[in-house]
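S.K.: A single structure is presented below for examination.
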Amino acid sequence: MPELPEVETVVRDLRAAGIEGQRVLRARVRTADVIGAPHPRRFAACIAGCTITAIRRRGKYIVLALSSGDTLLVHLRMTGRLRFRSPGEPWAAHEHVSLVLHDGRELRYQDTRRFGRWHLLDDAAPVLERLGPEPLDAHFTAARFGALLACRTRQIKPLLLDQRVIAGLGNIYADEALWDAGLHPERPAASLGARDAQRLLRSIRKVLRRGLSGLGTTLGRGQTHFYSVAGRRGRNQGRLRVFRRTGRPCPRCGTPIARLKVAQRSTHICPRCQRPVQDRH
DNA sequence: GCCCTTTCCTGGAAGC
DNA sequence: TGCTTCCAGGAAAGGG
């Protein structure tokens, strides 16, 4: 499940593999519905001959700037993966798009569940501007975060998963951050005080940086789990404190981790460290 | 505008 | 063992 640390790992891998400066000789689209815009034929026609001038991440989007002025947005959603293949290598299972590069490699997109989308846009700003602030951006202060929470009646966890509020968090890092901050996921956002907001932002940054340094989280094996461009598993799964650790002791107090549903999403908490309402007992 | 529910999709786990 | 059922997840659409 690629979230901010996993997408950033993919972007860094692609940059290290020399994607910037590569000219796309042609695009091959095997599964039309993976191309969100424009029509797959037009997509292939527009991208052919373009040079990839820069790659970056915004939220969970991979953002590729092209010499034509267009922007290619790739969202991996649940099971999307990018990898390099040798020229003309047959399609593997669940491979949907291929960019044939001028140095001979093919950048292939594989996505078992086909939730991911590619968008080729002349102006990506309307999509990217819908996203909330980057949690690791130094300009995003605790005061700004507190202000975002103060006017929301929603529960804090679904709010953290809302990309319009804050960009890049998914189920894993939201659970980890709430545990780290000692906050119950069902707390109404507006019930958090300034100090809670400050602590939560600090925890969000801590778990994201830990995920980044571990090159992402890979919870299982097989086609539905995260692998970087180099086909490498992440190492952060061994550092998770609550996510998918139901019944195992809380690293802080030893209480068994509980699993509950919050806004339809499986959620992992320590029932002792994360109380629904603040009490001092 | 905000919030909640539903939908998309398929491998793999769980249940019988 | 083999079959069926259900769950996992991010984001967008639709409804209140």
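S.K.: Just name the residue that is farthest from A:Thr112 (Cα to Cα) out of those in the range A:223-240 that are surrounded by fewer than 19 Cβ atoms within 10 Å (Cβ to Cβ) and away from DNA strand B (no atom under 16 Å from the Cβ).
M.R.: Going through the qualifying residues, I end up with A:Arg239.
S.K.: Now for a separate question. How many of the residues in the range A:150-182 are on the phi < 0 side of the Ramachandran plot, part of a loop (DSSP other than H, G, I, E, B), touching a helix residue (DSSP H, G or I) at 6+ places or on another chain (Cβ under 8 Å) and more than 12 Å from DNA strand B (Cβ to nearest atom)?
M.R.: 4
S.K.: Which residue, of A:Arg210, A:Arg195, is more than 19 Å from the chain's Cα centre (by Cα), outside any loop (DSSP other than H, G, I, E, B) and not β-branched (Val, Ile, Thr)?
M.R.: Going through A:Arg210, A:Arg195 in turn, just one is more than 19 Å from the chain's Cα centre (by Cα), outside any loop (DSSP other than H, G, I, E, B) and not β-branched (Val, Ile, Thr): A:Arg195.
S.K.: Return the only residue of A:Gly216, A:Gly220 being within 16 Å of DNA strand B (Cβ to nearest atom) and modelled with pLDDT under 95.
M.R.: A:Gly220
S.K.: Considering A:Ser213, A:Ser228, which residue is touching a residue at least 24 places away in the same chain (Cβ under 8 Å), of a type in the set (Gly, Ala, Ser) and out of contact with any Cys (no Cβ under 6 Å at 6 or more places or on another chain)?
M.R.: Step by step, each of A:Ser213, A:Ser228 is checked, and only A:Ser228 is touching a residue at least 24 places away in the same chain (Cβ under 8 Å), of a type in the set (Gly, Ala, Ser) and out of contact with any Cys (no Cβ under 6 Å at 6 or more places or on another chain).
S.K.: If A:Asp196 satisfies all but one of (1) closer than 23 Å to A:Gly59 by Cβ; (2) surrounded by 14 or more Cβ atoms within 10 Å (Cβ to Cβ), what's the number of the condition it fails?
M.R.: Checking A:Asp196 against (1) closer than 23 Å to A:Gly59 by Cβ; (2) surrounded by 14 or more Cβ atoms within 10 Å (Cβ to Cβ), the one that fails is (1).
S.K.: Identify, please: which residue in the range A:58-82 is of a type in the set (Lys, Arg) and buried (at least 20 other Cβ atoms within 10 Å of the Cβ) and is, among those, modelled with the highest pLDDT?
M.R.: A:Lys60
S.K.: Now for a different question. Of the numbered conditions (1) among the basic types (Lys, Arg); (2) within 14 Å of DNA strand C (Cβ to nearest atom); (3) under 16 Å from the mean Cα position of the chain (by Cα), A:Arg205 fails exactly one; give the number of that condition.
M.R.: Condition (2) is where A:Arg205 drops out.
S.K.: Also, I was wondering about something else. Return the total of residues in the range A:243-264 being surrounded by fewer than 16 Cβ atoms within 10 Å (Cβ to Cβ) and not in a strand (DSSP E or B).
M.R.: Within the range A:243-264, residues that are surrounded by fewer than 16 Cβ atoms within 10 Å (Cβ to Cβ) and not in a strand (DSSP E or B) number 10.
S.K.: Can you tell which of A:Arg275, A:Arg210, A:Arg187 is within 13 Å of DNA strand B (Cβ to nearest atom), surrounded by 13 or more Cβ atoms within 10 Å (Cβ to Cβ) and not aromatic (Phe, Trp, Tyr)?
M.R.: Exactly one residue qualifies, and that residue is A:Arg187.
S.K.: Would you please list the contacts, defined by Cβ atoms under 7 Å and residues six or more apart or on different chains, that run from a residue in the range A:242-264 that is within 16 Å of DNA strand B (Cβ to nearest atom) to a residue that is part of a loop (DSSP other than H, G, I, E, B) and hydroxyl-bearing (Ser, Thr, Tyr)?
M.R.: Listed by first residue and then by second, the contacts come to A:Ile257/A:Thr246; A:Arg259/A:Thr246.
S.K.: Another question, then. Report yes if A:Met1 is aliphatic (A, V, I, L, M), part of a loop (DSSP other than H, G, I, E, B) and surrounded by fewer than 18 Cβ atoms within 10 Å (Cβ to Cβ), otherwise no.
M.R.: No; evaluated as a whole, the condition is false for this residue.
S.K.: Under 9 Å between Cβ atoms, at least 6 apart or on separate chains: pull out the pairs that start in the range A:92-112 with a residue that is under 18 Å from A:Gly222 (Cα atoms) and without any contact (Cβ under 8 Å) to a residue 24 or more places away in the chain and end on any residue that is of a type outside the set (Lys, Arg) and not in a loop (DSSP other than H, G, I, E, B).
M.R.: Hits for this filter: A:Ala92/A:Gln110.
S.K.: Follow-up question, since we're still on this one. What pairs can you find where one residue is in the range A:22-51 and surrounded by fewer than 18 Cβ atoms within 10 Å (Cβ to Cβ), the other is outside any loop (DSSP other than H, G, I, E, B) and of a type in the set (Asp, Glu), and their Cβ atoms are less than 9 Å apart, with a gap of 6+ or different chains?
M.R.: A:Arg28/A:Glu106; A:Arg30/A:Glu95; A:Thr31/A:Glu95; A:Thr31/A:Asp111
S.K.: Give A:Pro276, A:Pro185, A:Pro271 a once-over and let me know the one that is without any contact (Cβ under 8 Å) to a residue 24 or more places away in the chain and either of a type in the set (A, V, I, L, M, F, W, C) or outside any helix (DSSP H, G or I) (or both).
M.R.: After applying the criteria, what remains is A:Pro271.
The values are calculated or read from the model by the stated rules, or taken from the named source; none is laboratory data. All of these numbers come straight from a predicted model, not from anything done at the bench. Cβ: placed from backbone, ideal geometry, glycine included. Neighbour counts: every protein chain shown.
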